[in-house]
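S.K.: The structure follows.
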Amino acid sequence: MSRLADCFARAKAAKRAALVIYLTGQDPDDETSRRLMLAAAEAGADIIELGVPWSDPSADGKAIQAAIHRAIAAGGGMSKSLAACRALRQAHPDLGIVLFGYANPVIVMGAEAFAKAAHDAGADGVLCVDYPADEDPELTSALTKHGLDFVPLLAPTSTPARIDVAARAARGFIYYVSLTGITGTALSDMEEPRARVAAIKARTGGNLPVAVGFGIKTPGAARAVASFADGVVVGSAAVEVVQTAVAAGRDPVPELSAFVRSLRDAITTA
């Protein structure tokens, strides 16, 4: 069993969904970013999605784009994200860590070199929002070789054939994007994602956990999603907590910690 699978298994044994928190590496700077990730883990996140900064985050909305641009201005990128991953792993041996980003930095580095570096840094999985797993198996093969999970994305527009492709490539869990478009939009209608998660589970035989992300901004929304998903992913809202504190000249760590704790409490009572 992979560490990601173990995270979901522990959450299931506790009769709750797993909490997945996205944070952009090196936002607002490397040292603060590391403290934020440690705080999120200590506040109850089961899995951290460590966003690897890249200059063209086309799938992301304003909050995460701004975070990525701040991170790049602070010297962020693949090498510092791998170093942050290593530090996070040393501090939390059982935490799930997913390197989250775009395909370009991986292609530039080379799939084999990237997979080895990610493994050596202590990552458990990789999610590339624009990597076509069905068209080029180079990355998924390299990840499998080095014992890393590939986490695919599915969307409301995903066809049964696309679900089958994702299920064949997936390890660890499947990430269901509850809304079409870019990150940052609030999720208001729970019935469609509830039905889609059920359909994905039926199609895949329930062999992989399905985590739901995009639009989950409050503990109430997290609780609602936790009632039907195996995992709840919160990204833009967490990044916005950091952004608001930094803009006001405050240390963002205490505020992020309180926010993550509120999410964990909400899904625990779902």
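The values are calculated or read from the model by the stated rules, or taken from the named source; none is laboratory data. Computed from a prediction, not measured in an experiment: that's the story for all the values here. All Cβ positions, glycine included, derive from the backbone under ideal geometry; neighbour counts span all protein chains shown. We work out accessible area using only protein heavy atoms, side chains counted, and drop any ligands, DNA or RNA first. Shrake-Rupley method; radii C 1.70, N 1.55, O 1.52, S 1.80 Å.
S.K.: When you scan the range 178-193, do you find a residue that is in a helix (DSSP H, G or I) and surrounded by fewer than 19 Cβ atoms within 10 Å (Cβ to Cβ), even just one?
M.R.: Applying the first criterion (in a helix (DSSP H, G or I)) to the range 178-193 yields 191-193.
Within this subset, residues satisfying the condition of being surrounded by fewer than 19 Cβ atoms within 10 Å (Cβ to Cβ) are 191-192.
So far as the range 178-193 goes, yes, one or more of its residues are in a helix (DSSP H, G or I) and surrounded by fewer than 19 Cβ atoms within 10 Å (Cβ to Cβ).
S.K.: When you look at Arg261, is it in contact (Cβ under 8 Å) with a residue 40 or more places away in the chain, in a helix (DSSP H, G or I), of a type outside the set (Gly, Ala, Ser) and within 30 Å of Pro137 (Cβ to Cβ), yes or no?
M.R.: Spelling it out, it is not the case that Arg261 is in contact (Cβ under 8 Å) with a residue 40 or more places away in the chain, in a helix (DSSP H, G or I), of a type outside the set (Gly, Ala, Ser) and within 30 Å of Pro137 (Cβ to Cβ).
S.K.: Here's something else I'd like to know. Going by the conditions given, is Ile64 at pLDDT below 95, closer than 19 Å to Leu99 by Cβ and open to solvent by less than 10 Å² (accessible area, probe 1.4 Å)?
M.R.: Yes; evaluated as a whole, the condition is true for this residue.
S.K.: Still on this structure, please answer the following. Restricting attention to the range 103-115, and to residues there that are free of Cβ contacts under 8 Å to residues at least 12 places away in the same chain and of a type in the set (A, V, I, L, M, F, W, C), which single residue is least open to solvent (accessible area, probe 1.4 Å)?
M.R.: Residues of the range 103-115 that are free of Cβ contacts under 8 Å to residues at least 12 places away in the same chain, as a first pass: 107-108, 110, 113.
Narrowing the set further to residues that are of a type in the set (A, V, I, L, M, F, W, C) leaves 107-108, 113.
Numbers: Ile107: 120, Val108: 116, Ala113: 50 Å².
The extreme case among them is Ala113.
S.K.: List the residue pairs whose Cβ atoms are under 9 Å apart, where the first residue sits in the range 246-257 and is assigned to a helix (DSSP H, G or I), the second is among the acidic types (Asp, Glu) and open to solvent by less than 70 Å² (accessible area, probe 1.4 Å), and the two are 6 or more positions apart or on different chains.
M.R.: Every condition considered, the pairs that remain are Val246/Asp27.
S.K.: What are the residues in the range 107-136 that are acidic (Asp, Glu) and touching a helix residue (DSSP H, G or I) at 6+ places or on another chain (Cβ under 7 Å), if any? Step through it out loud before you land on a result.
M.R.: In the first step, residues of the range 107-136 are kept if they are acidic (Asp, Glu); the result is 112, 120, 124, 130, 134-136.
Scanning the range 107-136 gives Glu112, Asp124, Asp130, Asp134.
S.K.: Next up: Can you work out which of the residues in the range 24-45 that are surrounded by fewer than 24 Cβ atoms within 10 Å (Cβ to Cβ) and touching a residue at least 60 places away in the same chain (Cβ under 8 Å) is nearest to Arg171 (Cα to Cα)? Before you say what the answer is, go through the steps one by one.
M.R.: Step one: of the range 24-45, the residues surrounded by fewer than 24 Cβ atoms within 10 Å (Cβ to Cβ) are 28-32, 34-35, 38-39, 41-44.
Of the ones still in play, those that are also touching a residue at least 60 places away in the same chain (Cβ under 8 Å) are 28, 32, 35, 39, 42-44.
Numbers: Pro28: 31, Thr32: 31, Arg35: 28, Ala39: 27, Glu42: 25, Ala43: 26, Gly44: 23 Å.
Within the range 24-45, the match that is nearest to Arg171 (Cα to Cα) is Gly44.
S.K.: Something else about it: Residue by residue through the range 86-102, note down the ones that are assigned to a helix (DSSP H, G or I), open to solvent by 10 Å² or more (accessible area, probe 1.4 Å) and among the hydrophobic types (A, V, I, L, M, F, W, C). Please lay out each step first, then the result.
M.R.: Going residue by residue through the range 86-102, those that are assigned to a helix (DSSP H, G or I) are 86-91.
Keeping just the survivors that are open to solvent by 10 Å² or more (accessible area, probe 1.4 Å) gives 86-87, 89-91.
Those that are assigned to a helix (DSSP H, G or I), open to solvent by 10 Å² or more (accessible area, probe 1.4 Å) and among the hydrophobic types (A, V, I, L, M, F, W, C): Ala87, Ala91.
S.K.: Quick one: how many residues across the range 149-173 are touching a helix residue (DSSP H, G or I) at 6+ places or on another chain (Cβ under 6 Å) and either more than 22 Å from Val233 (Cα to Cα) or of a type in the set (A, V, I, L, M) (or both)?
M.R.: 4
S.K.: Is there a residue being more than 22 Å from Tyr102 (Cα to Cα) and assigned to a helix (DSSP H, G or I) anywhere in the range 232-240?
M.R.: Just the residues of the range 232-240 that are more than 22 Å from Tyr102 (Cα to Cα), to begin with: none.
No, there is no match, as no residue in the range 232-240 is more than 22 Å from Tyr102 (Cα to Cα) and assigned to a helix (DSSP H, G or I).
S.K.: If you don't mind, another one. Test of understanding: among Val234, Val239, which residue is crowded, with 19+ Cβ neighbours inside 10 Å and touching an Asp or Glu at 6+ places or on another chain (Cβ under 9 Å)? Reasoning before the result, please.
M.R.: On the way: Val234 fails: touching an Asp or Glu at 6+ places or on another chain (Cβ under 9 Å).
Going through Val234, Val239 in turn, the sole match is Val239.
S.K.: Just one of (1) at pLDDT 95 or above; (2) surrounded by fewer than 14 Cβ atoms within 10 Å (Cβ to Cβ); (3) in contact with a Gly (Cβ under 7 Å, 6 or more places away or on another chain) trips up Asp124, so point out which.
M.R.: Of the numbered conditions (1) at pLDDT 95 or above; (2) surrounded by fewer than 14 Cβ atoms within 10 Å (Cβ to Cβ); (3) in contact with a Gly (Cβ under 7 Å, 6 or more places away or on another chain), the odd one out for Asp124 is (2).
S.K.: Would you tally the residues in the range 28-49 being part of a strand (DSSP E or B) and over 15 Å from Ala91 (Cα atoms)?
M.R.: First, the residues of the range 28-49 that are part of a strand (DSSP E or B): 47-49.
Still in the list and also over 15 Å from Ala91 (Cα atoms): 49.
Residues in the range 28-49 being part of a strand (DSSP E or B) and over 15 Å from Ala91 (Cα atoms): 1 in total.
S.K.: May I ask you to list the residues in the range 132-160 that are of a type in the set (A, V, I, L, M, F, W, C), at pLDDT 95 or above and part of a helix (DSSP H, G or I)?
M.R.: Ala142, Leu143
S.K.: Can I ask one more? Is there any pair with a first residue in the range 65-81 that is part of a loop (DSSP other than H, G, I, E, B) and a second that is of a type in the set (Phe, Trp, Tyr) whose Cβ atoms are under 9 Å apart and which are 6 or more apart or on different chains, and what are they?
M.R.: Final answer for the pair search is Gly77/Trp54.
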